[in-house]
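One structure is given here, and the rest of the page talks about it.
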Amino acid sequence: MNKVLSTYGLTRLPFSKDIPASEMLDTEALQAARERLAAALEGRASAVVTGDSGSGKTCLLRALEENLPQGRYRIHYVHNSTVNRRDFYRQLSIGMGLEPRATFAALFASISSHIEDLASQHKLRVALLIDEAHLLPIQVLDQLHILLNYQRDSKPWLSIILVGLPELRETLKRNVLQSLTGRIPIRVHLPPLDSDQVKQYVRHRMTAAGSLREVFADDGLLLISKATGGIMRRIDVLAARCLELAVKGKSNLVDATIAEAAIRDCAEALL
């Protein structure tokens, strides 16, 4: 890895996961999604965010949280969605710093009271961000509309943002979830990058990592775009392998030949 850094004059690996949200390529789709979600939280509304795996949904949430005004919001993030109803509220209770209760009813009452106190007494906008929401059991989804119901549905003290794969939208169309979907009016979808955006993305990541020259040739980038379908996570995997192969072959440029070899090496990761 050090040879990748020294060969291309980089200060860090350009395609790692730990890039700050502020350094991500701000595409029109990401910017529009962030603005819509910020407006939803400002208006105490709820939303659904969908996109293919690796399309930037988690980065969107990080960027959203980083850009919210300090001191006005209380954000609670839930990432383990493969749990039953009681365990879902138990992890939420722990995340809120509350004493976990023994029964579901006690957990729900404690969480609901805490949210009401934050919103009504401390004037905070409270948001629950649920990642991998397509994995939530129907029994958990069916309960969320009750969590949104304060003072006979007259007080919008909580915003819920459900984040998941595209099938989440189909799940929410079920009749049993009508009460929930009626309370989540905003829909945001993150599309894959097109070929031009893939070029911008790769070059942006290289520049952010300290590169002062072009390393990826147009023909190499075109193959990367086709092989990844414009999905950011796949681009990261493939572009990183391209750099490794270019260094190994003592090449200053990632061209189509190197990209083709990297695609063969990363075939399973690109599925």
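The values are calculated or read from the model by the stated rules, or taken from the named source; none is laboratory data. From a predicted model like this one, the values you see are computed outputs, not experimental measurements. Methodologically, a virtual Cβ is constructed for each residue, glycine included, from the backbone with ideal geometry; neighbour enumeration extends over all protein chains shown. These accessible areas exclude ligands, DNA and RNA; they are computed on the full protein's heavy atoms, side chains included. Shrake-Rupley method; radii C 1.70, N 1.55, O 1.52, S 1.80 Å.
Structure notes:
- First in the range 31-52 and closer than 15 Å to Lys155 by Cα, second anywhere and open to solvent by 30 Å² or more (accessible area, probe 1.4 Å) and in a helix (DSSP H, G or I), Cβ under 9 Å, 6 or more apart: Ala45/Ala39
- Residues satisfying the stated conditions in the range 64-99, i.e. part of a loop (DSSP other than H, G, I, E, B) and open to solvent by less than 50 Å² (accessible area, probe 1.4 Å): Leu68, Ser81, Val83, Met96, Leu98
- Pairs, first surrounded by fewer than 16 Cβ atoms within 10 Å (Cβ to Cβ) in the range 248-271, second of a type in the set (Asp, Glu) and part of a loop (DSSP other than H, G, I, E, B), C-beta under 9 Å, six or more apart: Leu253/Glu214
- From the options Leu30, Leu60, Leu64, Leu10, residue that is of a type in the set (A, V, I, L, M, F, W, C) and more than 24 Å from His189 (Cβ to Cβ): Leu10
- Counted residues, the range 54-63 - those being more than 22 Å from Leu270 (Cα to Cα) and open to solvent by 10 Å² or more (accessible area, probe 1.4 Å): 2
- Selection from the range 74-107 of residues that are modelled with pLDDT under 85 and either closer than 19 Å to Leu118 by Cα or in contact with a Cys (Cβ under 8 Å, 6 or more places away or on another chain) (or both): Pro100
- Filtering the range 161-171 to residues that are touching a residue at least 60 places away in the same chain (Cβ under 8 Å), open to solvent by 10 Å² or more (accessible area, probe 1.4 Å) and not basic (Lys, Arg) leaves Leu165, Pro166.
- Test: residue in the range 153-160 that is free of Cβ contacts under 8 Å to residues at least 12 places away in the same chain and surrounded by fewer than 17 Cβ atoms within 10 Å (Cβ to Cβ): yes
- In the set (1) in contact (Cβ under 8 Å) with a residue 24 or more places away in the chain; (2) open to solvent by 10 Å² or more (accessible area, probe 1.4 Å); (3) over 11 Å from Ala259 (Cα atoms), Ala227 fails one condition alone, (3).
- Members of the range 31-53 that are within 21 Å of Pro166 (Cβ to Cβ), open to solvent by 10 Å² or more (accessible area, probe 1.4 Å) and not in a helix (DSSP H, G or I): Asp52, Ser53
- Filter pass, Tyr89 being touching a strand residue (DSSP E or B) at 6+ places or on another chain (Cβ under 8 Å) and hydroxyl-bearing (Ser, Thr, Tyr): no
- The range 130-152: number of residues that are open to solvent by 40 Å² or more (accessible area, probe 1.4 Å), acidic (Asp, Glu) and within 22 Å of the chain's Cα centre (by Cα): 1
- The residue pairs whose first member lies in the range 111-125 and is more than 19 Å from Pro69 (Cβ to Cβ), whose second member is modelled with pLDDT under 90 and open to solvent by 10 Å² or more (accessible area, probe 1.4 Å), and whose beta carbons are closer than 7 Å, counting only pairs six or more residues apart or on different chains, are Ile115/Trp157; Glu116/Trp157; Ser120/Trp157.
- Residues of the range 232-247 that are among the aliphatic types (A, V, I, L, M), crowded, with 20+ Cβ neighbours inside 10 Å and closer than 27 Å to Pro166 by Cα: Met232, Ile235, Leu238, Ala239.
- Among the criteria (1) open to solvent by 50 Å² or more (accessible area, probe 1.4 Å); (2) modelled with pLDDT under 95, the one His204 does not fulfil is (2).
- Looking at Arg205, Arg183, just one residue is farther than 22 Å from Gln31 by Cβ and either assigned to a strand (DSSP E or B) or among the basic types (Lys, Arg) (or both), and that residue is Arg183.
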